[in-house]
1. Restricting to segment 2-25, count the residues that are of a type outside the set (S, T, Y) and over 22 Å from the mean Cα position of the chain (by Cα).
2. Just to be sure, is S64 in a helix (DSSP H, G or I), out of contact with any Ser or Thr (no Cβ under 8 Å at 6 or more places or on another chain), farther than 20 Å from S78 by Cα and small (G, A, S)?
3. When you scan segment 26-35, do you find a residue that is among the polar types (S, T, N, Q) and more than 13 Å from the chain's Cα centre (by Cα), even just one?
4. Would a scan of segment 36-58 turn up a residue that is in a helix (DSSP H, G or I), surrounded by 14 or more Cβ atoms within 10 Å (Cβ to Cβ), modelled with pLDDT of 90 or more and not polar (S, T, N, Q)?
Amino acid sequence: MEQTDPRQKLDEVRRALSRLYHDANNLTAVIDGNAALLAELIAAGATTSDEMGAVIEDIRLGCSKLQELVEQVDTLRSGL
């Protein structure tokens, strides 16, 4: 059985964590932006249930993707 060099494994973990950080950061920006948009729509009183529903669905989708990233982090952590 071939052994992995600890430095190589650490570099792989760093790269994986860097990708996860980047993806999670982008998703939090999307979620925050949609939440701010929803708040503006409500404050302006110009919302319809369709408008709010679309924004809420975007927020829920972002949260779902973020949960997938959290699970990837847990998988990565478990492999250490």
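1. From segment 2-25, those of a type outside the set (S, T, Y) are 2-3, 5-17, 19-20, 22-25; that's our starting set.
If we keep only those that are over 22 Å from the mean Cα position of the chain (by Cα) as well, we get 2-3, 5-11.
Selection size over segment 2-25: 9.
2. On the way: in a helix (DSSP H, G or I): yes; out of contact with any Ser or Thr (no Cβ under 8 Å at 6 or more places or on another chain): yes; farther than 20 Å from S78 by Cα: yes; small (G, A, S): yes.
Yes: the conditions hold for S64.
3. Just the residues of segment 26-35 that are among the polar types (S, T, N, Q), to begin with: 26, 28, 34.
With more than 13 Å from the chain's Cα centre (by Cα) added as a condition, the list becomes 34.
Yes: segment 26-35 contains one or more residues that are among the polar types (S, T, N, Q) and more than 13 Å from the chain's Cα centre (by Cα).
4. Checked against the condition, which is being in a helix (DSSP H, G or I), surrounded by 14 or more Cβ atoms within 10 Å (Cβ to Cβ), modelled with pLDDT of 90 or more and not polar (S, T, N, Q), segment 36-58 yields no hits at all.
The values are calculated or read from the model by the stated rules, or taken from the named source; none is laboratory data. What you are looking at is a predicted structure, and each value in this text was computed from that prediction instead of being measured. Every residue, glycine as well, gets a Cβ built from its backbone with ideal geometry; the counts of neighbours run over all protein chains shown.
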